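Encoded as structure tokens, the structure appears first; notes follow it.
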Amino acid sequence: MPNEGAAPAPKTRLGRILREHPEARSRLGRAVGGLLSALLATIAAIGVLLIWHLRRRADLVRSRLGTAPPSPLPDPADLRPEPQKDRPA
């Protein structure tokens, strides 16, 4: 067997490219890092916009609700049932 000590051929296209051009590994790493940082910045921006939108919408709903008209609460003594005189205590 002629290839006993050699590593098996890479299955992916990226693996083949890196095997043929090992000097491209650092450039590829920087490119992937840049894409990951762009993805992270995009997710953070969407999160900030989502929080802003929800707070703004909550403020709009609250402003439309307005305030309840002032109405005094009933006196708790008026709500108690009167004791029945026929009923034994």
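The values are calculated or read from the model by the stated rules, or taken from the named source; none is laboratory data. Predicted, not measured: the structure shown is a model, and the values here were computed from it. When we count neighbours, we look across all protein chains shown, and the Cβ atoms used for this are built from the backbone with ideal geometry, even at glycine.
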Exercise. Applying the selection to the range 57-77, what residues are surrounded by fewer than 10 Cβ atoms within 10 Å (Cβ to Cβ) and either of a type in the set (Lys, Arg) or touching a helix residue (DSSP H, G or I) at 6+ places or on another chain (Cβ under 7 Å) (or both)?
Worked result: Arg62, Arg64
Seminar exercise, completed: Filter the range 47-80 for residues that are outside any helix (DSSP H, G or I) and of a type in the set (A, V, I, L, M); the one that is modelled with the lowest pLDDT is Ala68
Exercise. Only one of (1) at pLDDT 95 or above; (2) not small (Gly, Ala, Ser); (3) not in a helix (DSSP H, G or I) is not met by Pro83, so which one is it?
Worked result: (1)
